[in-house]
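**Student:** Mind looking over this structure? Questions follow.
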Amino acid sequence: MAAASVAAHVGGKRWPFLGLMWTRAFSVSCTHRHKKKWAATRPKLSAIRLALQNFDINYSVQFDSLWPSIRISLLSEQKYGALFNNFSNIQQVTQELEHLNAVDFIWESQKVVQDLASTAAQQASEPAMLTGTLAVSAEPQLQPLPCLSTLISPNIKCYTFPKGDLSLFPPARPDTLGILGYYLLDAASVLPVLALNVQPGDLVLDLCAAPGGKTLALLQTGCCRELAANDISASRTGRLNRVLRSYVPQNICDILRITSWDGRKWRDLEANTYDRVLVDVPCTNDRHSVLEEDNNMFKNMRKGERQMLPMLQLELLVSAILSAKPGGEVVYSTCSLSQLQNEYVVERAVELLKIQYNIEVHVEDLSIFRRLFQGTFSFFPNCRLGELVLPHLTANFGPMYFCKLRRLE
């Protein structure tokens, strides 16, 4: 400002226009000089920062006051579960896990069923209060839960540490046959397999199977007459093969068929075939996106791929439903919090199947999962379709969205 003032009083006269022009010229010159330098050295935002910016904008609206808690949980160390391998030394592995003070959260849910049944029976035996001419019970009647075996896939065991316990599982050790005793994974990823409710003799398709945790869980049921495990990526299918060789005896692998086809085209290959279909679709993988640069969906080079995700997810879900028999059941899952990748995909698939294929699909009520597993996971209470496990510091699993659909006869 001092230089501009001197320029404006040259020759003892006031020249405001000269001062103004000098100031503008100086500003343009400086801006030009510094802009060039700034443009050459400006750091690019990392994929992690881009993911966080995206989530802050969208999830703060979707989850409102819950978002700060979810955000800090996503950025904190994830909690794991140990999927028990029924093909290993059962007694030895059970002792190892119980010695760690871990508990099978699926077994623990049976206590919930028993407690609710006991409460419902007690309420039924209590005398009702008379109000006018109507008999009204003192408390609202609890609906008893049906037998657990009719709700979830059987024979699956997954050990976790209690809420608030941040202990870690040691790596599994091979037994004398080289079979590992348990598989470490996000325990919430077992829930879609439980929701599929596989029954003895079922033909089962895992449409997006790699890296293999859910496929391994399906094999634990002992119910699959045949299990088709598919993933479009040959490298990921290779990883799936390696996982299964470490956990499953060869004679069990005889019921398994591993392929690397485009899941969107499966409906043209084996339509109306399967009793149960699991479709764990590619997604933004929210936890990975805020922690790891490697293979991050928010890298600039993957912007187009990210924008097309809901369309890809829709095509995979429609293909999965068309691959199921009439009366068959499909579970759709993601590890994203996004409504665009979760409920909206389900809604659009139901509409599209009705309009283009004249196929009716019923979205099943999975709210019972909240009652069964609220002691282990933190569920989002306002999910319109399906269920969503939210990351929480005391139970830092997820995110995991899962929704069950039944193709009507």
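The values are calculated or read from the model by the stated rules, or taken from the named source; none is laboratory data. Being a predicted model, the structure only gives us computed values, none of them experimental. Positions of Cβ are generated from backbone atoms using ideal geometry, with glycine treated the same way; all protein chains shown enter the neighbour counts. Side chains are part of the model used for accessible areas, which takes the heavy atoms of the whole protein and leaves out ligands, DNA and RNA. Shrake-Rupley method; radii C 1.70, N 1.55, O 1.52, S 1.80 Å.
**Student:** If you check Ile179, Ile232, which single one turns out to be farther than 16 Å from Gly328 by Cβ, free of Cβ contacts under 8 Å to residues at least 60 places away in the same chain and either in contact with a helix residue (DSSP H, G or I) (Cβ under 9 Å, 6 or more places away or on another chain) or surrounded by fewer than 21 Cβ atoms within 10 Å (Cβ to Cβ) (or both)?
**Tutor:** Ile232
**Student:** Another one. Can you pull out the residues in the range 366-398 that are crowded, with 22+ Cβ neighbours inside 10 Å and small (Gly, Ala, Ser)?
**Tutor:** Selection gives Ser378, Gly386, Ala395, Gly398.
**Student:** Is it the case that the range 150-167 has a residue that's in a helix (DSSP H, G or I) and at pLDDT below 95?
**Tutor:** The answer is yes; a qualifying residue exists.
**Student:** Inspect the range 239-257 for any residue being within 19 Å of Leu322 (Cα to Cα) and among the charged types (D, E, K, R) and give the result as yes or no. Spell out how you get there, then give the answer.
**Tutor:** Initially, the range 239-257 is screened for residues within 19 Å of Leu322 (Cα to Cα), giving none.
Checked the range 239-257: no residue is within 19 Å of Leu322 (Cα to Cα) and among the charged types (D, E, K, R).
**Student:** Say whether the condition of being over 23 Å from Glu364 (Cβ atoms) and open to solvent by less than 10 Å² (accessible area, probe 1.4 Å) is met by at least one residue in the range 299-311.
**Tutor:** Yes: the range 299-311 contains one or more residues that are over 23 Å from Glu364 (Cβ atoms) and open to solvent by less than 10 Å² (accessible area, probe 1.4 Å).
**Student:** Suppose we keep only residues that are of a type outside the set (D, E, K, R) and under 18 Å from Leu196 (Cβ atoms) within the range 244-271. Which one would you say is surrounded by the most Cβ atoms within 10 Å (Cβ to Cβ)? Let's see the steps before the verdict.
**Tutor:** Pass one, the range 244-271, residues of a type outside the set (D, E, K, R): 244, 246-253, 255-256, 258-261, 263, 266, 269, 271.
Okay, now just the ones that are also under 18 Å from Leu196 (Cβ atoms), so 255-256, 263, 266.
On the way: Ile255: 14, Leu256: 20, Gly263: 26, Trp266: 24.
Looking at the filtered set, the residue picked out is Gly263.
**Student:** Let me confirm something: among Leu97, Leu83, which residue is surrounded by 11 or more Cβ atoms within 10 Å (Cβ to Cβ), touching a strand residue (DSSP E or B) at 6+ places or on another chain (Cβ under 7 Å), at pLDDT 95 or above and outside any helix (DSSP H, G or I)?
**Tutor:** Selected residue: Leu83, the only one of Leu97, Leu83 that is surrounded by 11 or more Cβ atoms within 10 Å (Cβ to Cβ), touching a strand residue (DSSP E or B) at 6+ places or on another chain (Cβ under 7 Å), at pLDDT 95 or above and outside any helix (DSSP H, G or I).
**Student:** Something else about it: Being surrounded by fewer than 21 Cβ atoms within 10 Å (Cβ to Cβ), more than 23 Å from Arg276 (Cα to Cα) and modelled with pLDDT of 95 or more is the requirement here; does Glu292 meet it?
**Tutor:** Values: surrounded by fewer than 21 Cβ atoms within 10 Å (Cβ to Cβ): yes; more than 23 Å from Arg276 (Cα to Cα): yes; modelled with pLDDT of 95 or more: yes.
So Glu292 fits the description; yes.
**Student:** Determine, yes or no, whether Ala209 is crowded, with 20+ Cβ neighbours inside 10 Å and either closer than 22 Å to Lys265 by Cβ or of a type in the set (Lys, Arg) (or both).
**Tutor:** Taking the combined requirement at face value, the residue satisfies it.
**Student:** Suppose we filter Val330, Val345 for residues that are buried (at least 24 other Cβ atoms within 10 Å of the Cβ), touching a residue at least 24 places away in the same chain (Cβ under 8 Å) and closer than 20 Å to Leu269 by Cα; which single one remains?
**Tutor:** Val330
**Student:** While we're on this one: For the range 219-238, give me each residue that is farther than 17 Å from Ser319 by Cβ and touching an Asp or Glu at 6+ places or on another chain (Cβ under 8 Å). Don't jump to the end; show me each part of the working.
**Tutor:** Here is the first cut: in the range 219-238, the ones farther than 17 Å from Ser319 by Cβ are 219-227, 234-238.
Result: Cys223, Cys224, Arg225, Leu227, Thr237.
**Student:** If you go through the range 350-365 one residue at a time, do you hit one that is buried (at least 22 other Cβ atoms within 10 Å of the Cβ), hydrophobic (A, V, I, L, M, F, W, C) and either closer than 22 Å to Gln62 by Cβ or out of contact with any helix residue (DSSP H, G or I) (no Cβ under 9 Å at 6 or more places or on another chain) (or both)?
**Tutor:** No, the range 350-365 contains no residue that is buried (at least 22 other Cβ atoms within 10 Å of the Cβ), hydrophobic (A, V, I, L, M, F, W, C) and either closer than 22 Å to Gln62 by Cβ or out of contact with any helix residue (DSSP H, G or I) (no Cβ under 9 Å at 6 or more places or on another chain) (or both).
**Student:** Which of (1) in a loop (DSSP other than H, G, I, E, B); (2) more than 22 Å from Phe369 (Cα to Cα); (3) modelled with pLDDT of 95 or more; (4) touching a helix residue (DSSP H, G or I) at 6+ places or on another chain (Cβ under 7 Å) does Glu139 not meet, given it meets every other one?
**Tutor:** (3)
**Student:** If I go through the range 159-176 residue by residue, how many of them are open to solvent by 30 Å² or more (accessible area, probe 1.4 Å) and of a type in the set (A, V, I, L, M)?
**Tutor:** 2
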